Amino acid sequence: MIVNDTDSADIPTPTGPMRTYLFRPAAEGRYPGLVLYSEIFQVTGPIRRAAAMLASHGFMVAVPEIYHELEPAGTVLAYDEAGAERGNRHKTTKILSSYDGDARAVLDFLKSSPLCTGKLGVMGLCIGGHLAFRAAMQPDVLAAACCYATDIHKRSLGKGMHDNSLDRIGEIRGELLMIWGRQDPHISREGRALIYNALSDAGMHFQWHEFNAAHAFLRDEGPRYDPAAARICYNMALELFTRKLGAGDRLASRASIEINRNEG
């Protein structure tokens, strides 16, 4: 599907406006809503391309700036040592409750949009995987894809580096897709096992997939990108979201079909 990727909104949150980029099919209609959470570098080229790809399959995708209260709107951090240091510093400067407030704000924005069916899912990469995991604790999130989610096993998200994500697993009602790289230095085998066991013990509905890949292997820039594995992961995410959120109401497509029938 052709995608509209030029819109953005400054969504009100308890800590100020959150610049959020919107990607949706150009055809008129209502579509299921997805929140796509970025890496620590915010809304980079690879994140925008991932959002456009998801939208092209029939979703309204919202990509918020995760550090909106710490950086000017529109800030994109570089994929270099300085960018990584800055992004990692912000990760533990931001108050944990602010991440949750942001999640509720962007979900409410999607749910209230006349372009959205109100069916909601979330996806994230790196810190975004952790944020998607926490967003899945919101009662109206039906599905979440969490890709190499950092810091869940270390409980180190947010100011004070003592998050409660593992303790709140029981609040998740939707289905989870958990994706990991075995060669990821940020999430050890023991760390992955800790998360797997916690999900299993809580009786969660989840899929678990590990790839022989490094951290950030879905990012289509740099030497760690694994296009074959990335294709599989995105296909699994799309299957999950289509199955749990539905296909939407593509008004323009139906109208075009009716016109073609009448002309025939």
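Any idea which of (1) in a helix (DSSP H, G or I); (2) more than 16 Å from the chain's Cα centre (by Cα) is the one residue 99 doesn't satisfy?
The failed condition is (2).
Checking the condition under 26 Å from residue 217 (Cα atoms) and either in contact with a helix residue (DSSP H, G or I) (Cβ under 7 Å, 6 or more places away or on another chain) or surrounded by 23 or more Cβ atoms within 10 Å (Cβ to Cβ) (or both), which residue from 136, 84 passes?
Only one candidate passes the filter, namely 136.
Look at residue 73 and say whether it is surrounded by fewer than 23 Cβ atoms within 10 Å (Cβ to Cβ), part of a loop (DSSP other than H, G, I, E, B) and touching a Pro at 6+ places or on another chain (Cβ under 8 Å).
Working: surrounded by fewer than 23 Cβ atoms within 10 Å (Cβ to Cβ): yes; part of a loop (DSSP other than H, G, I, E, B): yes; touching a Pro at 6+ places or on another chain (Cβ under 8 Å): yes.
Criteria met by residue 73.
Between a first residue in the stretch 231-242 that is part of a helix (DSSP H, G or I) and a second residue that is exposed (fewer than 14 other Cβ atoms within 10 Å of the Cβ), which pairs have beta carbons less than 9 Å apart while being 6 or more apart in sequence or on different chains?
What qualifies is 232/209; 233/209; 236/207; 236/209; 240/207.
Quickly run through the stretch 30-46 and pick out the residues that are in contact (Cβ under 8 Å) with a residue 40 or more places away in the chain, touching a strand residue (DSSP E or B) at 6+ places or on another chain (Cβ under 8 Å) and crowded, with 20+ Cβ neighbours inside 10 Å.
31, 32, 33, 34, 35, 36, 37, 38, 39
For the stretch 166-181, how many residues meet the condition of being surrounded by 22 or more Cβ atoms within 10 Å (Cβ to Cβ) and either touching a Lys or Arg at 6+ places or on another chain (Cβ under 6 Å) or farther than 11 Å from residue 205 by Cβ (or both)?
Count: 4.
Where a number appears in this text, it was derived from the coordinates with a stated rule and is not lab data. From a predicted model like this one, the values you see are computed outputs, not experimental measurements. All Cβ positions, glycine included, derive from the backbone under ideal geometry; neighbour counts span all protein chains shown.
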